[in-house]
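Undergrad: Handing you this structure, nothing more for now.
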Amino acid sequence: MTTAIILAGGLGTRLRSAVPDLPKPMAPIAGRPFLAHQMEHWIAQGVSRFVLSVGYRHEAISGHFGRRYRGVPLDYVVEPAPLGTGGALALAAAGLPRGEYALLLNGDTYFDVPLRELRAHARRHDADWCFSLFRHDDAARYMGVGLGRDGLITALRSPTAPLANGGVYLFRPAALDATALAPGQAASLENDLFPRLVAAGQRFAGLESRGAFIDIGVPADYHRAASVLPTARAPETDHALAG
């Protein structure tokens, strides 16, 4: 059984010009919410439960998807105030089994990562965190991640590294205990929590994937998302199969 947390509570200010009235995960791609495409990808790989960390316009998400999607249970954790990616993760992960791996996803990113390979890599390295990485050539937009030949991450920020963080993580919820983050405390995952956890001696592994990647956080990429995401089903099936 694999649970996936999706961070879906951001304000989406960079995308506001293209999608003015919706949270980013609800941005329509080929007539269907981006979040629907994302969840279907992971359901097909065996994810059996989603925890949606929501905030801005969260009623638009819960009202559309309800408590199940394609037969898979959906739980919602609502941020009382914007908590940042780190604070939102800590809140959403509070009820998960501490030692079992869970999946962490960004609600505005699609990355075709083989979950079986990611899990095997994490177990092989006894990693607390396993990052999915993609090869990039845009240093202005993506911060590189240093990866050693042994598959362990050597630097969270490496401007010249050819691999970047794809926003898909396998992690042990117990790893968050070392952050000493108070419930409801705001924090950034990348800028606050990860550096603390590295300093605490946690093991970070990284796996390069060559699958399709798209971050719809900016209008230009949002408009090309339909050419990257799998072929969409008819829009009306979202509600029909949400049940």
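The values are calculated or read from the model by the stated rules, or taken from the named source; none is laboratory data. Fair warning: this is a prediction, and the values are worked out from it, not measured in the lab. Cβ coordinates were reconstructed from backbone atoms using ideal geometry, including for glycine residues, and neighbour counts include every protein chain displayed. What goes into the accessible areas is simple: the full protein's heavy atoms, side chains included, and nothing from ligands, DNA or RNA. Shrake-Rupley method; radii C 1.70, N 1.55, O 1.52, S 1.80 Å.
Undergrad: If eta is 1.567 mPa s and T is 4 °C, what Stokes-Einstein diffusion coefficient results for segment 17-91, Kirkwood Rh from Cα pairs, in µm²/s?
TA: 98
Undergrad: Whose amide H sits under 5 Å from the amide H of Tyr76, counting only residues 5 or more places off or on another chain, with H placed in the peptide plane?
TA: So Tyr76 has HN proximity to Leu52.
Undergrad: Plugging the Kirkwood radius over Cα pairs into Stokes-Einstein for segment 192-233, at a temperature of 37 °C and a viscosity of 0.692 mPa s, what D comes out in µm²/s?
TA: 243
Undergrad: Now, a different point. Where does the chain land at 222 nm, in deg cm²/dmol rounded to the nearest 500, when only DSSP H runs of n ≥ 4 count, each adding -39500 (n - 2.57), divided by all residues? Can you show the working numbers first?
TA: On the way: 7 runs with 53 residues, N = 243.
Using -39500 (n - 2.57) per qualifying helix, the result is -5500 deg cm²/dmol.
Undergrad: Now, a different point. Roll a 1.4 angstrom probe over the protein heavy atoms and tell me the percent of accessible area of the chain that is carbon or sulfur.
TA: Whole-percent figure for carbon plus sulfur exposure: 53.
Undergrad: For segment 190-207, just list the computed ³J(HN,Hα) in residue order, Karplus coefficients 6.51, -1.76 and 1.60, θ = phi - 60°, integers in Hz, with x standing in for Gly and Pro.
TA: My calculation for segment 190-207 gives 6, 8, 10, 6, 4, x, 5, 6, 4, 5, 7, x, 6, 9, 10, 10, x, 10 Hz in order.
Undergrad: What relative contact order, as a whole-number percentage, does the chain give when Cα pairs under 8 Å and 6 or more residues apart are counted?
TA: 27 percent.
Undergrad: Turning to a different aspect of this structure: With the other protein chains left in place, how much accessible area per residue, in square angstrom, belongs to segment 1-156 at a 1.4 angstrom probe? Could you put the intermediate results ahead of the total?
TA: Working: 6460 Å² over 156 residues.
Heavy-atom SASA per residue in segment 1-156 reads 41 Å².
Undergrad: Continuing with this model, one more query. So what are the ³J(HN,Hα) numbers for segment 36-47, from phi and the Karplus equation (6.51, -1.76, 1.60; θ = phi - 60°), rounded to whole Hz, Gly and Pro as x?
TA: Once θ is set to phi - 60°, the couplings for segment 36-47 become 5, 4, 5, 5, 5, 4, 7, 4, 5, 9, x, 5 Hz.
Undergrad: Which translational diffusion coefficient, to the nearest whole µm²/s, is obtained for segment 168-217 from the Stokes-Einstein equation, given a Kirkwood hydrodynamic radius over C-alpha pairs, 4 °C and 1.567 mPa s? Don't jump to the answer; show the numbers that get you there.
TA: Working: Rh = 13.0 Å.
The diffusion coefficient I find is 100 µm²/s.
Undergrad: Still on this structure, I have one more. Which ³J(HN,Hα) values, rounded to whole Hz and listed in residue order, are derived for segment 153-159 from phi using the Karplus coefficients 6.51, -1.76 and 1.60 in 6.51 cos²θ - 1.76 cosθ + 1.60 with θ = phi - 60°, glycine and proline given as x?
TA: With the stated coefficients, segment 153-159 comes to 6, 9, 7, 6, 10, 9, x Hz.
Undergrad: Further, regarding this structure: Between Arg224 and Glu59, what FRET efficiency follows from the Cβ-Cβ distance if R0 is 45 Å, with the result rounded to 0.05?
TA: Efficiency, rounded to the nearest 0.05: 0.95.
Undergrad: How many percent of all Cα-Cα pairs in the chain sit more than 29 Å apart?
TA: Distances greater than 29 Å cover 24 percent of the Cα pairs.
Undergrad: Between Gly151, Gly167, Gly99, which gets the highest mean-square fluctuation from a Gaussian network model of the chain, Cα cutoff 10 Å?
TA: Gly99
Undergrad: Also, quick follow-up: Under a plain spin-label model, where a point goes 7 Å from the Cα along Cα-to-Cβ, how far apart in nm are Arg49 and Met143?
TA: 3.2
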